[in-house]
Structures are given as structure tokens and as C-alpha cells.
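What follows is a short report on a single structure.
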Amino acid sequence: MIIDTHAHYNDEAFDEDRDELLKSLPNNNIDRVINVGADMNSTEESVLLSEKFPYIYAAVGVHPDSADEINDFSLARLEELCKNEKVVAIGEIGLDYYWDNVDREIQKDAFRKQIALAKKVNLPIIIHSREAAKDTIDILFEEKAEEVGGVMHCYSYTKESAEIINKLGFYFGIGGVLTFKNGKKLREALEVMPLDRILLETDCPYLAPVPFRGKRNCSLLLPYVVEVLAECKGITTEEVERITKDNAERLFFDK
Ligand code: NI
């Protein structure tokens, strides 16, 4: 069984068949899904979805693209939502210097405040970080984020950064990019990622694996990622499933 640690089933790409698709997951080897918030609205939707399906869980948080939503009111609401037992993480939070939608100082401030919240409620963090490796790692160090731990979702940095992040005790989220022709950098970084630190994720509806690249992604396509991961690590697909599931349980579900 597979745990999809990063999905966005609230996305309008699933409006046509959301319930049907989600109902089909347990019969298709998907054990659990964490639906991740990206702003206050999708955070509320994630929690609602988690209340509707026993195997869907929620992460609550505000993505760097919406970092200007973070204020005393939204932080209080996020904290309130963490009392719900289906909420298993704070995320996705972090820095995005690729899109640079929000002033970098505001992104950093929102990131720090949500790490502080994670520590207050004792939940791991799901980190979104794009073209901001140094600042992300600096903030994780400065805020002592390792006290709650978490995952670098959709890992996109170098082998060298992976070594630092590994030393900090964080996990690596691996998805469709691993199957891409231009996923060479990720396959190299994967060499220094210990098996017990790897989590499977879709980031659906985005980042569908080959041979579905460009199409709508969903948890049912994770076996294509499992296959490439098994190849890269020289283990069986069954081992990949078992180990990544144990990892997800250790980080998100062992209370
Ligand atoms: Ni995401």
C-alpha cells in the first residue's frame, strides 16, 4: 500500500469526478492521502475533505505565493484547525523565488511564523522551496525546525543541499519529476538520500509521471514513480512501498 503525502484534491481539476476518484483509492493500493493547503481557502477545503473520507488527512498552511495572507487572524485560525485529529502537518509553507509572487521579506516572515506555529502545536512541516535553497536552509536552522521535523516537498535542489537537509533530519518528497527525462539532477541527489527518509507524493493535479506527463496527476499514478525509485535504489517495488509507507507513518501518523 502507498501513502500519497502531498495532494491537492480540492483543485478544480477534480471537480468533475472528485468523489468517485477518491472512493476508488483504497481498492487501488492507496492507503492514505495527505491533502495539502496552499492558502486559507484550500486549507479549509483540505480539512473538509479529510472529514469526508477516513483515509484522507489534511495539512494546513499558506504557500509562499500567498504569504501575504498570514496575519494574526489567519494564524489563529490555522492553530484552531490543528485541534482536528485529521490535521497531521503544517503546510505547504516555505519560499518561492522562482515565481516571486510576494515580496521575499513577507515570504520569509510567513515561513518563520508558520514554523513557530508547527512547534507550538507539535506537528511536522511540509516545505515548498523553489530557487531558495540557502534562505530555506538558513531559516530551518535559525528557527530550530528540526524539533518538529518535516519534508522538503518536490525536492529540486542539488546533492550537496540534500546532504545538509538530511543532516538536519528532514525527509525528501519524491514524485513525478523522478520519471522525467530532465530529472537527472534529482536522480543524482537521490543517491545521498537514505531510504528511510524518502516519501512518495504526487502534488496532484500537477507533475504527472511519464508516460502521463502533462496530463492530470492523481495518486493512482504513483506506481510509475515507485518503479523508477526502485530502479534507482536497486530494490524491489514492494520494498519501496513498504519503506516509504513506514517513513510517512513515522513522520505524520505516529502520535
Ligand atoms: Ni503542492
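Structure values in brief
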read-out: Karplus-derived HN-Hα couplings along region 199-205 (A = 6.51, B = -1.76, C = 1.60, θ = phi - 60°), whole Hz, x at Gly and Pro; value: 10, 8, 7, 9, 6, 5, x
read-out: Residue-count net charge about Y97 - beta-carbon cut-off 9 Å; Lys, Arg +1, Asp, Glu -1; value: -2
read-out: Residue-wise HN-Hα coupling along region 22-31, computed from phi with Karplus coefficients 6.51, -1.76, 1.60 (Hz; x: Gly, Pro); value: 5, 5, 7, 4, x, 7, 10, 6, 9, 7
read-out: Approximate spin-label separation D17-K181, in nm, with each point projected 7 Å along Cα-to-Cβ; value: 2.8 nm
read-out: FRET efficiency for E163 and S24, using Cβ-Cβ distance with R0 set to 51 Å, rounded to 0.05; value: 0.85
read-out: Amide hydrogen neighbours beyond the local backbone of C204, cut-off 5 Å, H modeled; value: H8
read-out: Total formal charge among the other residues, if their Cβ is under 11 angstrom from that of F53, Lys/Arg +1 and Asp/Glu -1; value: +3
read-out: Compactness of region 2-253 - radius of gyration and Dmax, Cα, Å; value: 16.7, 49
read-out: Sites matching trypsin sites (Lys or Arg not before Pro) across region 29-123 that sit in DSSP coil, with at most 15 neighbouring C-beta atoms within 10 Å; value: K83
read-out: Qualifying lysines (Cα of each under 23 Å from Cα of K185; at least 8 residues distant if same chain); value: K134, K159, K167, K215, K233
read-out: 3J(HN,Hα) from dihedral phi, region 232-242, Karplus parametrisation 6.51/-1.76/1.60, rounded to Hz, x for glycine, proline; value: 4, 8, x, 10, 7, 5, 4, 5, 4, 4, 5
read-out: Most fluctuating residue given options F170, F141, F73, as computed from a GNM of the chain linking Cα atoms under 10 Å; value: F73
read-out: Global size of region 66-173 as Cα Rg and Dmax, reported in angstrom; value: 13.2, 39
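Readers should treat all values here as calculations from the given coordinates under stated rules, not as data from a laboratory. On a predicted model such as this, the values are computed, not experimentally measured, just so you know. Counting neighbours? That spans all protein chains shown, and the Cβs are built from the backbone with ideal geometry, glycine included.
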